[in-house]
Amino acid sequence: MNTRSFLTKLGATSIAIASFTVASLISLHAADKKLTVGFAQVGAESAWRTAETESIKSEASKRGVNLKFSDAQGKQENQIKAVRAFIAQGVDAIILAPVVETGWEPVLREARRAKIPVVLVDRGIKTADESLFATLIASDFVAEGRMAAEWLAKKTGGKASIIELQGTPGAAPAIDRKKGFEAGIKAHHEMKIIASQSGDFRRSGGKEVTEALLKGSGASVTAVYAHNDDMALGAIQALEEAGKKPGTDVIVLSIDGVKGAFEAMVAAKLNCTVECNPLLGPMAFDAVEKALKGEKLPKKTVVQDRVFDSNSAAAELPNRRY
Ligand code: GYE
């Protein structure tokens, strides 16, 4: 090889090396930019919850987000631990569905100190310092409870002896769905809650609590109001086992609007469900991206819900996505 061709070859090789280096630097940079988001989920207590998890997971993979998922099995201490672990791992942002309303300040302060924005989904928290979270995306649970009460008042002509199945104690939807429902029946003096207990948003909880109440303070029940569909489906089973006809002898209404509730309405066992949309993935990641760009977010975005009953259930069932 003469000197000239050697030099040409050397030049080509260095160009190749240089462009390889640039290319790998660019791809390293792209990999760097892939967001890592931690999602601290409550658990898997209901069909609603499973649909929410699925929505967040599928939206993360659609956007190429590296999602770290934690299931707290219904325990706040586990959720707090998960948030702390996300902070230690240096995630870009955290999505939190807080199991209960109180007790979040210390860990949220740690996130703020680490400059990690926290987006709250589906349940709110009680705090005097709203700068501890970037935004909350949730339904208006008080309005849901009120809509349920109004539907029941209309259906029964303002006369009902009600068993109330409450959600998880201390959870925003349990507190607010109770508040809204009580406000809604207030004007109707012959509508009374004769028994009220928590079934922890679970089907088994709804069944067990209804079974027990039917033998005691709830024996004269004419309506069951459950804070979610799963508990209503459990109550339907308990009513049937007690020889009653849910949907006819006892009016049953609940909140969420999951597919199982629509099927029960078509089967004439459930009378009404107030929708609560769990498909929060797209909104949650929009919020994460905006927060990371430093854009100002509204403190709360309210998800709009509708009421469905046995008249509209069959037509709506094929449209249900969860
Ligand atoms: O209604 C219920 C659940 O936080 C809005 O939690 C959510 C509630 C939902 O397990 O089914």
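The values are calculated or read from the model by the stated rules, or taken from the named source; none is laboratory data. These figures come from a predicted structure and were not determined experimentally. Note: ideal-geometry Cβ built from the backbone for every residue, glycine included; neighbour counts use all protein chains shown. These accessible areas exclude ligands, DNA and RNA; they are computed on the full protein's heavy atoms, side chains included. Shrake-Rupley method; radii C 1.70, N 1.55, O 1.52, S 1.80 Å.
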Of the residues in the stretch 95-119, those that are farther than 18 Å from residue 73 by Cα and in contact with a strand residue (DSSP E or B) (Cβ under 7 Å, 6 or more places away or on another chain) number 6
Query raised in the report: Looking at this structure, is residue 46 touching an Asp or Glu at 6+ places or on another chain (Cβ under 9 Å), buried (at least 21 other Cβ atoms within 10 Å of the Cβ) and not aliphatic (A, V, I, L, M)?
Result: yes
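The rows are residues; the columns are (1) assigned by TED's automatic domain parsing to the domain that holds residue 286; (2) assigned to a strand (DSSP E or B).
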| residue | (1), (2) |
| --- | --- |
| 119 | yes, yes |
| 164 | no, yes |
| 170 | no, no |
| 178 | no, no |
| 193 | no, yes |
| 196 | no, yes |
| 201 | no, no |
| 211 | no, no |
Expected output for the stretch 71-93 (first residue under 18 Å from residue 125 (Cα atoms), partner open to solvent by 40 Å² or more (accessible area, probe 1.4 Å) and in a helix (DSSP H, G or I), Cβ below 6 Å, 6+ apart or cross-chain) is 72/78
If you go through 68, 154, 115, the only one that is among the charged types (D, E, K, R), in a strand (DSSP E or B) and open to solvent by 30 Å² or more (accessible area, probe 1.4 Å) is 68
Yes/no for residue 163 being open to solvent by less than 10 Å² (accessible area, probe 1.4 Å) and not charged (D, E, K, R) = yes
### Message
Can you find a residue that is among the aliphatic types (A, V, I, L, M), over 19 Å from residue 97 (Cβ atoms) and outside the structural domain of residue 198 (by TED's automatic domain parsing) anywhere in the stretch 224-243?
### Response
no
Scanning the stretch 268-300 residue by residue, the ones that are closer than 24 Å to residue 150 by Cβ and open to solvent by 40 Å² or more (accessible area, probe 1.4 Å) total 4
Given the conditions (1) touching a Phe, Trp or Tyr at 6+ places or on another chain (Cβ under 6 Å); (2) part of a loop (DSSP other than H, G, I, E, B), every one holds for residue 216 apart from (1)
Screening 239, 213, 253 for residues that are aliphatic (A, V, I, L, M), open to solvent by less than 20 Å² (accessible area, probe 1.4 Å) and in contact with a Pro (Cβ under 8 Å, 6 or more places away or on another chain) leaves only 239
